[in-house]
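The values are calculated or read from the model by the stated rules, or taken from the named source; none is laboratory data. A quick note: this is a predicted structure, and the numbers were derived from the prediction, not measured. Here the Cβ positions follow ideal geometry from the backbone for every residue, glycine too, while neighbour counts run over all protein chains shown. To get the accessible areas, we keep the full protein, side chains included, count just its heavy atoms, and leave off ligands, DNA and RNA. Shrake-Rupley method; radii C 1.70, N 1.55, O 1.52, S 1.80 Å.
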Amino acid sequence: MTKRTSAKHKIDRRMGENIWGRPKSPVNKREYGPGQHGQRRKNKLSDFGTQLRAKQKLKGYYGDLTEKQFRKIYGEAERVRGDTGEMLIGLLERRLDAVVYRAKLVATIFAARQFVNHGHVLVNGRRVNIASYRVKEGDVIEVRQESKQMALILEAIQLTERDVPDYLEVDHSRLIVKFVRTPALGDVPYPVQMEPNLVVEYYAKN
């Protein structure tokens, strides 16, 4: 098992949920946490624990972002007029690696980050190698010509475990994606329930 696969499995087991909806997630077989004492961790969570878990789950889903990265995104969401939780989801979904993952150009969010970092993606015809780059409505994301025959892309397109959401227009034959609009929480196809309202409560108190 690679270090990256091991990390994904550990996140799932720590959360006790299959947060990416993957068929090979270890929680499909065992729902307890990692480590020798994992099976004992069934105590009811406090309000703080519930809020912390919601933050860790959302942060982990987008490639296990660092606390500094996630706190910065939350700060931006907080400054925008409107529902902070909804704004947070919108900002996370506008990350370039999230768009590449949602469009099924790669199999996992971790692969999406690496795919972008290695320079395989163009945004409006310009190469962008920063996974956190924030796309705008109307932006066109494309796999560069030299990378279009990569096996991981062809394999990801065939995956049946998730569908492309309707806020993206995807042409898999040309490997072109258009970011149509910023989604609300209800538009995002999370395999598990995400609770950004609890994330807001967590940061309000800490």
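Screening 124, 129 for residues that are farther than 22 Å from residue 58 by Cα and under 18 Å from the mean Cα position of the chain (by Cα) leaves exactly one candidate, 129. Scanning segment 111-131 for residues that are open to solvent by less than 60 Å² (accessible area, probe 1.4 Å) and either touching a Gly at 6+ places or on another chain (Cβ under 9 Å) or outside any strand (DSSP E or B) (or both) yields 111, 112, 115, 116, 119, 120, 128, 131. Taking the numbered list (1) open to solvent by less than 50 Å² (accessible area, probe 1.4 Å); (2) at pLDDT below 95; (3) over 16 Å from residue 197 (Cα atoms); (4) in a helix (DSSP H, G or I) in turn, residue 33 passes all entries but (4).
Mind checking which residues of segment 191-206 are open to solvent by less than 80 Å² (accessible area, probe 1.4 Å) and modelled with pLDDT under 95? So that I can check it myself, show each step before the final result.
Residues of segment 191-206 that are open to solvent by less than 80 Å² (accessible area, probe 1.4 Å), as a first pass: 191-192, 194-196, 198-203.
Correct list: 191, 192.
Taking the listed residues 60, 49, 38, 16, the one that is at pLDDT below 95 and at positive phi is 16, with no other qualifying.
Give the residues of segment 153-166 that are touching a helix residue (DSSP H, G or I) at 6+ places or on another chain (Cβ under 9 Å), more than 20 Å from residue 64 (Cβ to Cβ) and assigned to a helix (DSSP H, G or I), sorted by residue number. Quick ask: steps written out before the conclusion?
Going residue by residue through segment 153-166, those that are touching a helix residue (DSSP H, G or I) at 6+ places or on another chain (Cβ under 9 Å) are 153, 156, 162, 164-166.
Those still in the list that are more than 20 Å from residue 64 (Cβ to Cβ) too: 153, 164-166.
Result: 153, single match.
Inspect all residues belonging to segment 160-176 and state whether any of them is among the aromatic types (Phe, Trp, Tyr) and in contact with a Leu (Cβ under 8 Å, 6 or more places away or on another chain). Scanning segment 160-176 turns up no residue that is among the aromatic types (Phe, Trp, Tyr) and in contact with a Leu (Cβ under 8 Å, 6 or more places away or on another chain). For segment 48-91, what are the residues that are open to solvent by 80 Å² or more (accessible area, probe 1.4 Å), free of Cβ contacts under 8 Å to residues at least 24 places away in the same chain and closer than 20 Å to residue 193 by Cα? The one that is open to solvent by 80 Å² or more (accessible area, probe 1.4 Å), free of Cβ contacts under 8 Å to residues at least 24 places away in the same chain and closer than 20 Å to residue 193 by Cα: 83. Within segment 153-188, the residues that satisfy the criterion of being open to solvent by 60 Å² or more (accessible area, probe 1.4 Å) and under 30 Å from residue 17 (Cα atoms) are 154, 155, 158, 160, 161, 163, 166, 169, 181, 186. For segment 136-157, a residue qualifies if it is in contact (Cβ under 8 Å) with a residue 40 or more places away in the chain and closer than 14 Å to residue 108 by Cα, and the qualifying residues are 152, 153, 155, 156, 157. Is it fair to say residue 137 is open to solvent by 60 Å² or more (accessible area, probe 1.4 Å), modelled with pLDDT of 95 or more and either more than 25 Å from residue 122 (Cβ to Cβ) or more than 19 Å from the chain's Cα centre (by Cα) (or both)? When the stated conditions are applied, residue 137 does not pass them. For the residues 137, 142, 169, the requirement of being touching a Phe, Trp or Tyr at 6+ places or on another chain (Cβ under 9 Å) and either aromatic (Phe, Trp, Tyr) or assigned to a strand (DSSP E or B) (or both) singles out 169.
If you filter segment 83-93 down to residues that are farther than 11 Å from residue 62 by Cα and not hydroxyl-bearing (Ser, Thr, Tyr), you find that the one that is farthest from the chain's Cα centre (by Cα) is 83.
Within segment 110-125, is even one residue among the polar types (S, T, N, Q) and either touching a helix residue (DSSP H, G or I) at 6+ places or on another chain (Cβ under 8 Å) or touching a residue at least 24 places away in the same chain (Cβ under 8 Å) (or both)?
The first filter runs over segment 110-125 and keeps only residues among the polar types (S, T, N, Q), leaving 114, 117, 124.
Subsequent filtering for residues that are either touching a helix residue (DSSP H, G or I) at 6+ places or on another chain (Cβ under 8 Å) or touching a residue at least 24 places away in the same chain (Cβ under 8 Å) (or both) retains none.
Looking for residues that are among the polar types (S, T, N, Q) and either touching a helix residue (DSSP H, G or I) at 6+ places or on another chain (Cβ under 8 Å) or touching a residue at least 24 places away in the same chain (Cβ under 8 Å) (or both), one finds none in segment 110-125, hence no.
Of all positions in segment 92-107, at least one carries a residue that is surrounded by fewer than 23 Cβ atoms within 10 Å (Cβ to Cβ), over 18 Å from residue 19 (Cα atoms) and of a type outside the set (Asp, Glu).
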